[in-house]
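The structure appears below as structure tokens.
The values are calculated or read from the model by the stated rules, or taken from the named source; none is laboratory data. Predicted model, so just to flag it, every value in this text is computed and none were measured. All Cβ positions, glycine included, derive from the backbone under ideal geometry; neighbour counts span all protein chains shown.
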Amino acid sequence: MAGEPLILKVRAALATVADPATGRNIIASGRVQGLSASPSGVVRFTLEAAGGKEKEAMDLLEKARTAAAGVEGVTRVAAVATAHQAGPAKSPPPRGHSNPLGLRQDRRAGLEDSLLGVRNVIAVASGKGGVGKSTVAANLAVALARSGLKAGLLDADIYGPSLPTLFGLKDKPEIRDGRILPARAFGLKAMSIGLIVDPDKALAWRGPMVMSAVRQLISDVDWGELDVLVVDTPPGTGDAQLTLGQSKKLTGAIIVSTPQELALADVKRGVGLFRRLDVPILGVVENMAWLETEDGARQYLFGKGGAERAAREFDAPFLGALPIFPELREASDAGAPLAATAPDSPAGEAFASLAAKVRDLLIP
Ligand SMILES: Nc1ncnc2c1ncn2[C@@H]1O[C@H](COP(=O)(O)OP(=O)(O)OP(=O)(O)O)[C@@H](O)[C@H]1O
Ligand SMILES: [Mg+2]
């Protein structure tokens, strides 16, 4: 029917796919979760797989994808299969050290409640360190804000916070009624553990304390109304990512990698973790992909296209490559994110175009 919302047409198409486990269709048997369709025709959903049979789950996912892709108006399908039976515990029992930020405990909201006004939370992650997560997260958040969204940036890297440097922030945040007021910088609300706790102190923290600190950064910060909260995570696939994964609010994860051959293993680790946590992969970004020389030629210093190949291999969308911008490092070290301070520079434009792609993947 003309004029029918795209999401309904997609739903109807998915309802033609039979679910071998129940003999019904995948919509009727509740296998399709989190279905959304953006105005530009990007369809996202997760397909809940029935226990353990990976091959069957992948076949079914392929059928569902094909059905959705066949609907007129659909430009892209981002779908993942999830398996529940062997997933990590959803809520580890609270242990000691549950309040590392030392806030009043009387009316602490749960993760979901406190993010009621936040439409999308996206995690920026990578399998290994130093690939540019913090740089990408900060400039992406700025570019999303510049595109007109209400955006926030949370630096959840407990051991090595970057936000104070990237944004040149140092003032301790104000605390009102037991809630932390985020800093405001470059059109964003921003918060980092580095603004609250002396990083040397945090170095001694172990898993449970890291998890509670990340939880508090989400739940005890007064984020208010946001279209999107970008979360910069520590390298690897540890406690901070697990905590984020437990928040039902996580729209998805962006995996940053570099073009080396080794990117395959990195991307695999990142994608694997979030898929185990039922978190959709919004896409892979290849950072430091090449250096442009003065005559406009591209020098591939770290190999060519590794992250893009890895994305394809693990069936994750590829969000594009960012070259090495020598001026980006200097600006970042000086507390001036180029997406805000030089939006017309090559780096500024590259982040704006990444933001436009990410915007399409958000829940409106
Ligand atoms: N596209 C780029 N062009 C030039 N320099 C970049 C680019 N991306 C990141 N850098 C620089 O690379 C260094 C590492 O970047 P960044 O701190 O963002 O990585 P990270 O993945 O967050 O690291 P960590 O794992 O330690 O948190 C920084 O000095 C940053 O300025
Ligand atoms: Mg970082």
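Odds and ends about this structure:
- If you go through segment 136-162 and keep only what is within 14 Å of ligand 1 (Cβ to nearest atom) and touching an Asp or Glu at 6+ places or on another chain (Cβ under 9 Å), you end up with V136, A137, A138, A141, L153, L154, D155, A156, D157, I158, P161, S162.
- Pairs with Cβ under 7 Å, 6+ apart, first in segment 148-177 and part of a loop (DSSP other than H, G, I, E, B), second acidic (D, E): L149/D227; K150/E225; K150/D227; A156/D232; D157/D232; P161/D155; S162/D155; S162/D232
- Just one residue in the set P164, P199 is surrounded by fewer than 17 Cβ atoms within 10 Å (Cβ to Cβ) and within 16 Å of ligand 2 (Cβ to nearest atom); that residue is P199.
- Scanning segment 124-146 for any residue that is part of a strand (DSSP E or B) and either among the polar types (S, T, N, Q) or in the same structural domain as T237 (by TED's automatic domain parsing) (or both) turns up at least one such residue.
- Residues in segment 61-80 that are among the hydrophobic types (A, V, I, L, M, F, W, C) and farther than 17 Å from G34 by Cα: V71 alone.
- Residue list for segment 330-344, filter: among the small types (G, A, S), assigned to a loop (DSSP other than H, G, I, E, B), touching a residue at least 24 places away in the same chain (Cβ under 8 Å) and surrounded by 15 or more Cβ atoms within 10 Å (Cβ to Cβ): G335, A336
- Single residue of segment 298-320 satisfying the filter (closer than 22 Å to V80 by Cα and part of a loop (DSSP other than H, G, I, E, B)) that is farthest from ligand 2 (Cβ to nearest atom): D315
- Within segment 110-161, being basic (K, R) and more than 12 Å from ligand 2 (Cβ to nearest atom) holds for R119, R146, K150.
Here is a yes/no grid of residues against (1) under 14 Å from the mean Cα position of the chain (by Cα); (2) surrounded by 23 or more Cβ atoms within 10 Å (Cβ to Cβ); (3) assigned to a helix (DSSP H, G or I):
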| site | (1), (2), (3) |
| --- | --- |
| M209 | no, no, yes |
| V214 | no, yes, yes |
| L229 | yes, yes, no |
| P235 | yes, no, no |
| L244 | yes, yes, yes |
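- Of all the listed residues (A347, A355, A263), the sole one being surrounded by 21 or more Cβ atoms within 10 Å (Cβ to Cβ) and within 12 Å of ligand 1 (Cβ to nearest atom) is A347.
- V228 away from ligand 1 (no atom under 16 Å from the Cβ) and over 29 Å from L203 (Cβ atoms): yes
- One residue alone among G245, G252, G207, G236 is outside the structural domain of A37 (by TED's automatic domain parsing), within 24 Å of Y159 (Cα to Cα) and in contact with a Ser or Thr (Cβ under 9 Å, 6 or more places away or on another chain), and that residue is G236.
- P323 being assigned to a loop (DSSP other than H, G, I, E, B) and either outside the structural domain of Q216 (by TED's automatic domain parsing) or within 30 Å of T341 (Cα to Cα) (or both): no
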